[in-house]
Protein chains: 2
Amino acid sequence: MILDALWYILPAYLANSSPVIFGGGAPIDFGRNFVDGRRIFGDGKTWRGFFGGLTAGTLIGIIQYFLRPYYYGSLKLAIKLSFLLALGALVGDLIGSFIKRRLNMPRGYPAVGLDQWGFLITALIFAYPVKTIPTGQVLFLLAITPVIHWAANVFAYKMGWKDVPW
Amino acid sequence: MILDALWYILPAYLANSSPVIFGGGAPIDFGRNFVDGRRIFGDGKTWRGFFGGLTAGTLIGIIQYFLRPYYYGSLKLAIKLSFLLALGALVGDLIGSFIKRRLNMPRGYPAVGLDQWGFLITALIFAYPVKTIPTGQVLFLLAITPVIHWAANVFAYKMGWKDVPW
């Protein structure tokens with residue numbers, strides 16, 4: 001079922017969106033610059049956001065296991081998978097910020113494509129060795145994620161959680 | 001074999017890069033504007049580039065068939081597949097230009113992520129009903145295409161085929 005793809009990727013989505021809730025605190029790069037004199041990741045990437053996203057993503061995987069145990073087969077696999085999906089999403093987001101800083105884009109400035117697909121692709125790659133989904137489901141996620149990403153950001157903006165609608 | 005993925009996607013890569021060679025002539029939108037008062041696609045997307053890319057992509061598929069017939073099984077499938085990969089890449093490129101114009105980005109302005117993944121994702125989706133590749137190969141292409149795209153553009157710039165290195 002193609003909707004299984006959304007069930008599979010949920011920990012990555014949650015990890016990617018959670019910095020809106022868990023954000024703040026010390027930045028991951030501790031304010032340091034890269035060799036080009038610009039910030040490594042910027043103030044938008046914090047330790048609290050990173051570990052908050054990792055925890056939230058893994059927790060949702062555990063909840064998903066108890067709702068539909070047959071999808072994962074074992075709790076151990078559910079934890080491993082959701083941890084890797086969340087970690088992949090967060091690392092992808094960091095790579096995205098690193099690239100944006102190198103291109104001298106200010107914090108929060110949108111990079112169309114990178115913002116919507118970057119975290120998804122790294123999450124799928126990180127989780128691949130543990131459990132993957134068929135090609136059709138991957139293509140479905142690649143097609144639908146920009147729409148979901150856009151809708152979620154507009155929603156967060158309307159709710160006052162974000163300063164900009166992207 | 002993971003390198004089969006590059007063999008599979010070659011018609012899409014060729015279609016995506018051929019406007020550098022076949023470009024010029026009447027723009028696909030005939031200079032018309034969208035409802036927002038901005039160009040539909042812009043001067044960068046021309047009929048010659050589109051049909052040149054479609055022809056080049058399908059032709060490379062035919063050549064690939066004669067080099068490695070067992071990969072496709074039949075010439076008919078090779079033509080169908082390479083046509084759809086090329087068409088998907090070109091449609092994805094048009095969607096990318098359409099989005100860029102809506103965001104008021106000037107022609108040729110880079111959209112990090114969209115430029116590297118957009119055409120690839122639409123090519124994979126268009127070709128999916130005819131012949132697809134395993135998830136591992138899709139993830140490999142998603143990981144490697146930005147690097148190839150960047151290297152190809154730097155090369156085209158150094159050769160004087162492009163005005164900007166992206």
Number of positions in segment A:29-61 that are farther than 23 Å from A:Leu85 by Cα, in contact with a Pro (Cβ under 9 Å, 6 or more places away or on another chain) and not in a loop (DSSP other than H, G, I, E, B): 1
Residue that is nearest to the other protein chains (Cβ to nearest Cβ) [pool: residues in segment B:121-143 that are assigned to a helix (DSSP H, G or I) and among the hydroxyl-bearing types (Ser, Thr, Tyr)]: B:Thr135
Selection from segment A:63-119 of residues that are out of contact with any Ser or Thr (no Cβ under 9 Å at 6 or more places or on another chain) and among the acidic types (Asp, Glu): A:Asp115
Every pair of residues 6+ apart whose Cβ atoms lie under 9 Å, when the first sits in segment A:124-136 and is farther than 13 Å from A:Tyr8 by Cβ while the second is surrounded by fewer than 18 Cβ atoms within 10 Å (Cβ to Cβ) and small (Gly, Ala, Ser): A:Ile125/B:Ala143
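Can you tell me which residue is most open to solvent (accessible area, probe 1.4 Å) among those in segment A:81-111 that are among the aromatic types (Phe, Trp, Tyr) and part of a helix (DSSP H, G or I)?
A:Phe83
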Condition check for A:Gly25: more than 23 Å from A:Lys131 (Cβ to Cβ), of a type outside the set (Asp, Glu) and part of a loop (DSSP other than H, G, I, E, B): yes
Search result, residues across segment B:44-61 that are open to solvent by less than 30 Å² (accessible area, probe 1.4 Å), closer than 14 Å to B:Ala89 by Cα and among the β-branched types (Val, Ile, Thr): B:Thr58
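The values are calculated or read from the model by the stated rules, or taken from the named source; none is laboratory data. Note that the structure is predicted; figures quoted are calculated from it, not measured. All Cβ positions, even for glycine, are placed from backbone atoms using ideal geometry, and neighbour counts span all protein chains on display. Ligands, DNA and RNA are excluded from the accessible area calculation, which covers all protein heavy atoms including side chains. Shrake-Rupley method; radii C 1.70, N 1.55, O 1.52, S 1.80 Å.
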